[in-house]
Each structure stands twice: as C-alpha cells, then as structure tokens.
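One structure below.
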Amino acid sequence: HYIMNRCYSTAIHELYPKYKGCKVCEEWLNYSNFKLWYDEHVLPWEILGEDFEIDKDILIKGNKIYSPETVCLVPKFINALFTNEKKNKGDCPIGVYFEKDKNKFRAGMAYMGQKIKLGTFDTAEEAFNRYKVYKEDLIRDVAEQYRDMIPDKVYRAMMNWTVEIED
C-alpha cells in the first residue's frame, strides 16, 4: 500500500517530491507476487524482533523502481544510515551546516536519535570531507557488524557505498 502511494499518489508527491517518477515493476502490480517476495525476505527480521523497512536506494543509489532486483528489506536502523536531511541543509553539502555565530561550517549527522558533531571547519568542502569519511566508515562498520544477518547483496552495497557532495 505504501509503495503504491509513494509511486502513484499526487498528494504524496506534493509532500515528498523525492518519490516523483518512482514506479512499481509490472510483476508487483499483482499484490500476490509482491507478497511472495516479501514473505521470503522478511523472516530474519521478524525472528529478531527488529522493525524493518523496504528500501529502494541501498542496492542502487538513486533508484526509482520497486522490484525484486532493486529493493531490499533492512532493519530501520540500517535504512536510517541512508537517509539525508536535504530540507534542513540549505545551500551546504549534505552533512554540513553553516554556523553564523562562528562563521564556520559544522560537519554532523544524526543516527539512532543521537546527534553526532564531527567538528567545525573554515570551508564547506572541509566539513563535507569529514562527514563523508565518517559516514562511509559508519556504513561499513554496520555492514560488518550485521554481515551474517543481511543479504550478501546488501552487505556488498554497504561496503561499496560512497557519499557524494551532491547527495
């Protein structure tokens, strides 16, 4: 239901423009086909009692298609690693905020309800580079920690993830 709304609801597109242009593959337009895939992939997270989400961007950055080949089920805390706060960053790169009172750029992020301050810098580029290194290391660390619980394709995508300044 949520995937269909994300892809085809104009009301959702007004609230969350990032879903404009998203589509559900032909196979999953039949709910029974989606349910078969879902049941096959949800088991580890149900057993562990984890809250989980379907994600379309971990395996393929910028992906707009929901399909068996392009999405994965992951715990919420893993999915949270790949969210960004574009609406809060203004003109700065991802992970960077300008502190007017100090006339400096702060690198930082939030993860699992915790704000992580990575330092202040003279330039947005320096702050972004600090954020990039930290975020990529964190994603790889989580991938290693959960290697035996996540599908190999998710593990590989996490290990190869790169943060780009235009993210």
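The values are calculated or read from the model by the stated rules, or taken from the named source; none is laboratory data. In this text the structure is predicted, and so the values were computed from the model without any measurement. Neighbour counts run over all protein chains shown; Cβ positions are idealised from the backbone, glycine included. SASA here: full protein model, heavy atoms, side chains in, ligands and nucleic acids out. Shrake-Rupley method; radii C 1.70, N 1.55, O 1.52, S 1.80 Å.
In the stretch 25-36, the count of residues that are part of a helix (DSSP H, G or I), open to solvent by 50 Å² or more (accessible area, probe 1.4 Å) and of a type in the set (Phe, Trp, Tyr) is one or more.
Does ILE54 satisfy the condition of being touching a residue at least 40 places away in the same chain (Cβ under 8 Å) and under 15 Å from the mean Cα position of the chain (by Cα)?
Criteria met by ILE54.
Residues that are among the acidic types (Asp, Glu) and either closer than 17 Å to LYS61 by Cβ or part of a strand (DSSP E or B) (or both) do occur in the stretch 132-148. Please go through the stretch 152-162 and give me each residue that is out of contact with any Cys (no Cβ under 6 Å at 6 or more places or on another chain) and open to solvent by less than 50 Å² (accessible area, probe 1.4 Å), ordered by number. Within the stretch 152-162, TYR155, ALA157, MET158, TRP161 qualify. If THR70 satisfies every condition in (1) among the polar types (S, T, N, Q); (2) within 21 Å of ARG156 (Cβ to Cβ); (3) exposed (fewer than 15 other Cβ atoms within 10 Å of the Cβ); (4) at pLDDT 90 or above but one, which is the exception? For THR70, the failing item is (3).
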